[in-house]
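Step one of this worksheet: look at the structure below.
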Amino acid sequence: MTTRILVTGGAGFIGSHYVRTLLGPEGPGDVAITVLDKLTYAGNPANLDEVRAHPRFRFVQGDICDPATVHPLMAEHDQVVHFAAESHVDRSIDGGDTFVHTNVLGTHTLVAAAHRAGIHAFVQISTDEVYGSIDAGSWPETHPLRPSSPYSAAKAAGDLVALSYHHTHGLDVRVTRCSNNYGHHHFPEKAIPLFVTHLIDGRKIPLYGDGGNVRDWLHIDDHVRGIELVRTRGRAGEVYNIGGGTELTNRELTALLLEQFGADWDSSVEPVADRKGHDRRYSVDCTKIREELGYAPRVPFAQGLAETVRWYRENRAWWEPLKERAAL
Ligand code: NAD
């Protein structure tokens, strides 16, 4: 039997990779997908070109905050995978309104509609940033939420709203909290694609503060694999961390990128004032998803990074207009 999945934010970086993967040759074959996406500055219809003509694909342009759009659509589906969000921390520091609106109210609109429609599984795609910053060790899913930015605070609120629908109404909500994703089709305001495309054009890379902030890098293929394990075999009301297992300081990441371009530090890196409230280190403990669902990241970082750099070298037509429009 075909499972009808509503994918919110499916025109963005991770959501579009999820859709392309599920409808591609390696996909499960028994799913039909509707993407609901508002097409904000981060949503790009070109990300879905590969699947546009697929018989089990449909695209709806609309806002997850709009009940008149969401309710009838929900009634036509069995499951939801909810990616749609305002996702860029720096933008949330400049102004948090849209972050709270989309990430909290939008999530509430979806879970309320999912409850009414009797949805079988609602997968809330969240972030490790909800835990805050950790100097040593790694967070298990039971760690208290201490988000630092308006972005992560709004994501944490969205998680709690979604989980409240499990507790109160018995809605099958599963939350995933992943680390920093990287890969192709990543909007060029985010660190890796910004650095790569600057280096392609011979521009200097802006490096925040002392460059000592640590992130755990997760390839989008591994993230999609983790989401699929949770969608198909996860348990209702549970939270699953998904990590990549490659922790790097921003200085280390920058050095690896410079290596790809044969560029040297002094002529290619420009230190800039640190991000306000910048979390020092993120680190997820993935024991639960590994032991319960057999998850393990498979893409070695060096390979994933080299492939990502190659993709940006070969796809200027994809990223150049986005950088121009966003004045990056
Ligand atoms: P993205 O910014 O590339 O894409 C977001 C998508 O959501 C866009 O297509 C946009 O048009 C759509 N959208 C925004 N507001 C909407 C609304 N009101 N209604 C309908 N659609 C709307 O984001 P991404 O990097 O693909 O992230 C996807 C999810 O994963 C987000 O929930 C994010 O918090 C989470 N996440 C991302 C990362 C990462 O490293 N990129 C890490 C952890 C968690």
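The values are calculated or read from the model by the stated rules, or taken from the named source; none is laboratory data. Given the structure is predicted, the values throughout are model-derived calculations rather than measurements. Neighbour counts run over all protein chains shown; Cβ positions are idealised from the backbone, glycine included. What goes into the accessible areas is simple: the full protein's heavy atoms, side chains included, and nothing from ligands, DNA or RNA. Shrake-Rupley method; radii C 1.70, N 1.55, O 1.52, S 1.80 Å.
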Margin query: What does the extension gain come out to for R233 and A296, with contour length at 0.36 nm per residue minus their alpha carbon separation?
Written below: 21.2 nm
Item checked: Nonlocal amide H pairs with L171, under 5 Å, H built at 1.01 Å -> H166
Item checked: Cβ-Cβ FRET estimate between R313 and E76, R0 fixed at 35 Å, reported to 0.05 -> 0.30
Item checked: Amide H contacts under 5 Å for A326, placed H, 5+ residues apart -> none
Next item on the list: Under 14 Å from the Cβ of V111, count the other residues' Cβ atoms, weight Lys and Arg +1, Asp and Glu -1, and hand me the total.
Entry: 0
Checklist line | Rel. contact order, % - alpha carbon contacts under 8 angstrom, at least six apart, region 2-158 | finding: 23 percent
Check: Given labels modelled 7 Å from the Cα in the Cβ direction, how far is it in nm from E270 to A327?
Finding: 1.5 nm
Check: Does anyone have the angle between helix 13-22 and the longest principal axis of the chain? Alpha-carbon axes, 0 to 90°, nearest 10?
Finding: 60 degrees
Margin query: Give me the tail of P(r) for region 231-328 as a percent: Cα-Cα pairs with distance above 19 Å.
Written below: 65 percent
Next item on the list: Could you work out the relative contact order of region 11-103, using alpha carbon pairs under 8 angstrom and six or more residues apart, expressed as a whole percent?
Entry: 27 percent
Next item on the list: Convert each backbone phi in region 173-178 into a coupling constant with the Karplus relation 6.51 cos²θ - 1.76 cosθ + 1.60 (shift: θ = phi - 60°), then list the ³J(HN,Hα) values in order as whole Hz, x for Gly and Pro.
Entry: 9, 10, 10, 10, 10, 9
Next item on the list: Rounding to the nearest 20 debye, state how big the charge dipole of the chain is about its Cα centre with +1 on each Lys and Arg Cβ and -1 on each Asp and Glu Cβ.
Entry: 500 debye
Notebook entry, point to check: Where both partners of a DSSP beta bridge lie in the chain, what percent of those bridges are antiparallel, to the nearest 5?
Noted result: 10 percent
Check: How far, in degrees from 0 to 90, does helix 250-261 lean away from the longest principal axis of the Cα atoms of the chain, to the nearest 10?
Finding: 70 degrees
Checklist line | C-alpha center-to-center spacing [region 261-328, region 146-179] in angstrom | finding: 25 Å
Next item on the list: Could you state the angle between the C-alpha long axis of helix 220-233 and the longest principal axis of the C-alpha atoms of the chain, as a value from 0 to 90 degrees rounded to the nearest 10?
Entry: 20 degrees
Next item on the list: Measure out, as a whole number of angstrom, how far apart the alpha-carbon centroids of region 9-69 and region 216-256 sit.
Entry: 20 Å
Note to self: Just to verify a number: FRET efficiency for Y208 and T2, C-beta to C-beta distance, R0 = 45 Å, to 0.05?
What the structure shows: 0.45
Checklist line | 222 nm mean residue ellipticity, helices alone, for the chain (DSSP H n ≥ 4; -39,500 (n - 2.57); rounded to 500) | finding: -11500 deg cm²/dmol
Margin query: How would the chain be classified by its alpha-carbon gyration tensor: rounded, prolate or oblate, with rounded meaning a/c under 1.5 and the a/b versus b/c comparison settling the rest?
Written below: prolate
Note to self: Leaving ligands and nucleic acids out of the surface, order H143, H17 by accessible area at 1.4 Å, largest first.
What the structure shows: H143, H17
Next item on the list: List, largest first, the extents of the alpha carbons of region 200-272 along their principal axes, each in whole Å.
Entry: 51, 23, 17
Note to self: Per-residue counts of other Cβ atoms within 10 Å, averaged by peptide: what ranking do you get for 107-119, 149-161, highest first?
What the structure shows: 149-161, 107-119
Next item on the list: Output the direction-averaged projected area (hull surface divided by four) of the convex hull of the alpha-carbon atoms of region 80-175, in nm².
Entry: 6.1 nm²
Margin query: Explain nothing, just the number: relative contact order of the chain, from Cα pairs under 8 Å at least 6 residues apart, as a whole percent.
Written below: 17 percent
Note to self: Expected output is a single nm value to one decimal: the length gained when fully extending between I200 and D49, i.e. 0.36 nm times separation in residues minus the C-alpha distance. What is it?
What the structure shows: 51.9 nm
Check: For C286, what is the net charge nearby, where nearby means another residue's Cβ is under 11 Å from its Cβ and Lys, Arg count +1, Asp, Glu -1?
Finding: -4
